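Below: one structure, written as structure tokens.
No lab work stands behind these numbers, since they all come straight from the coordinates. Because the structure is a prediction, the values reported are computed rather than measured. Methodologically, a virtual Cβ is constructed for each residue, glycine included, from the backbone with ideal geometry; neighbour enumeration extends over all protein chains shown.
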Amino acid sequence: MPSRITGPKDFQNHFGVSDETLKRLIVYESLLIQWQKKINLVAPSTLDEIWHRHFADSAQLFDLAPKDSRIWVDLGAGAGFPGLVLAILRAGRGAEVDHEPHILIESDQRKAAFLGEIARKTSLAVDIVISRIEITSTQGRYKSVDVVTARALAPLDRLIGLAKPMFGPKTVGLFPKGRDIRQEIKNASANWSFTCELAESLTDTEARIAVVTSPEAKSEG
């Protein structure tokens with residue numbers, strides 16, 4: 001685990017992002033602090049650690065995805081972690097030209113408005129979908145995507161159920177989890193067969209990132 005990411009320069013040094021990407025994240029930080037006064041986007045106790053607790057925690061997922069990933073979907077995007085941060089990193093590496101826009105699904109209209117404001121102020125190409133993930137029509141719009149992400153959305157059992165319609169043979173799910181991840185895997189295994197590798201978190205020694213592939217519902221019989 002690296003030393004704590006205390007600000008923009010630490011983030012840039014660790015993740016090797018461009019100055020343009022860093023500028024976008026600085027705008028993001030400023031708007032997050034402004035909007036936090038109106039709506040609860042993140043835990044207030046984390047506002048002084050945005051670069052570590054939110055930006056770095058999100059950015060660490062980037063290298064866990066296949067290099068040729070084109071279609072990314074973030075479930076329950078909230079304040080944009082990890083989805084919007086990943087979209088900014090992808091844009092910094094030419095994704096807006098070569099790849100599909102990042103898809104952010106968020107049912108709360110105020111949070112979706114916040115995501116839209118970040119996208120506008122940073123000239124970022126993203127698709128913000130204001131909808132509940134459980135809605136069949138929403139799930140049906142995105143089949144066999146390359147990467148599905150979600151942070152602090154639901155236990156793994158329910159998360160796999162929400163994401164399963166979007167999975168294809170090569171889809172990878174990247175789900176940051178806390179110290180109870182092994183119990184979550186056990187619980188999910190009662191209803192699903194799936195492959196799950198655990199990657200160490202760069203931001204929390206007790207956290208892990210669940211890298212999920214090939215989920216299939218187990219028959220009730």
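Less than 15 Å Cβ to Cβ from ARG182, Lys/Arg counted +1 and Asp/Glu -1: what total charge do the surrounding residues give?
-2
Can you tell me the Rg and the Dmax, both Å, for the Cα atoms in region 8-217?
When restricted to the Cα atoms of region 8-217, Rg and Dmax are 16.1, 47 Å.
With a 10 Å Cβ neighbour count serving as the proxy for reagent exposure, in which order, fewest first, do THR205, THR138 appear?
THR205, THR138
Taking R0 as 41 Å, what's the FRET efficiency between ARG110 and THR6 from their Cβ-Cβ distance, rounded to 0.05?
0.90
Which one, SER69, SER18, SER45, has the greatest fluctuation when you compute a Gaussian network model over the chain with C-alpha springs under 10 angstrom?
Sorting by GNM fluctuation, first place goes to SER45.
Please work out whether region 1-114 counts as rounded, prolate or oblate from its C-alpha gyration tensor, where a ≥ b ≥ c are the square roots of the eigenvalues and a/c under 1.5 means rounded, while otherwise a/b larger than b/c means prolate and anything else oblate?
Verdict is oblate for region 1-114.
Between ARG141, ARG208, ARG132, which gets the highest mean-square fluctuation from a Gaussian network model of the chain, Cα cutoff 10 Å?
The residue with the greatest mean-square fluctuation here is ARG141.
Please work out how many pairs of lysine residues in region 102-221 are eight or more positions apart (or on different chains) and have Cα atoms closer than 17 angstrom.
6
Pick from ALA112, ALA190, ALA163 the residue whose mean-square fluctuation is largest in a GNM of the chain, springs joining Cα atoms under 10 Å.
So, out of ALA112, ALA190, ALA163, the one fluctuating most is ALA190.
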